[in-house]
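Participant: This structure is in structure tokens; I'll ask about it shortly.
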Amino acid sequence: MRKTLTFACVHFTVAFTVAYILTGSVVIGGLVALVEPLCNTVAYHFHEKAWARWGNGASGRSAGDGNRYGAASFGCVH
């Protein structure tokens, strides 16, 4: 859980910084930093469902059952 929370902080910081640099607005940067990770979280949920069904080849294993590539699927969404 700590890793997830620290990654959320990194994600928020990167999203805010990029939006702030592009727009010069703290408000827009803050909104993007809040909305973008939320949208990515929803997209990730559906990506994992699709990955479990079609992305793991014929083995039928889900990303969380010891597949060494399971964590890499997040990078495709993000």
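Participant: Would you mind finding the one in THR41, THR23 that is surrounded by 12 or more Cβ atoms within 10 Å (Cβ to Cβ), at pLDDT below 90 and either at positive phi or of a type in the set (S, T, N, Q) (or both)?
Facilitator: THR41
Participant: Okay, moving on. State all residues of region 52-63 that are part of a helix (DSSP H, G or I), modelled with pLDDT under 90 and surrounded by 12 or more Cβ atoms within 10 Å (Cβ to Cβ); if no residue qualifies, say none. Talk me through it step by step, then tell me what you get.
Facilitator: Taking region 52-63 as the starting set, the residues that turn out to be part of a helix (DSSP H, G or I) are 52-55, 57-59.
Checking the rest, the ones that are also modelled with pLDDT under 90 come to 55, 57-59.
Listed by number, the list holds a single entry, GLY55.
Participant: Separate question: Quick one: is VAL77 touching a helix residue (DSSP H, G or I) at 6+ places or on another chain (Cβ under 8 Å), at pLDDT 85 or above and surrounded by 11 or more Cβ atoms within 10 Å (Cβ to Cβ)?
Facilitator: In short, no.
Participant: (1) among the basic types (Lys, Arg); (2) at pLDDT 90 or above; (3) assigned to a loop (DSSP other than H, G, I, E, B): which one isn't true of LYS49, the others all being true?
Facilitator: That leaves (3) as the condition not met.
Participant: Taking interchain pairs and intrachain pairs at least six residues apart, which have beta carbon atoms under 6 angstrom, with the first residue in region 1-15 and closer than 19 Å to LEU31 by Cα and the second in a helix (DSSP H, G or I)?
Facilitator: Correct list of pairs: HIS11/PRO37; PHE12/ALA33; ALA15/VAL32; ALA15/ALA33; ALA15/GLU36.
The values are calculated or read from the model by the stated rules, or taken from the named source; none is laboratory data. A quick note: this is a predicted structure, and the numbers were derived from the prediction, not measured. Note: ideal-geometry Cβ built from the backbone for every residue, glycine included; neighbour counts use all protein chains shown.
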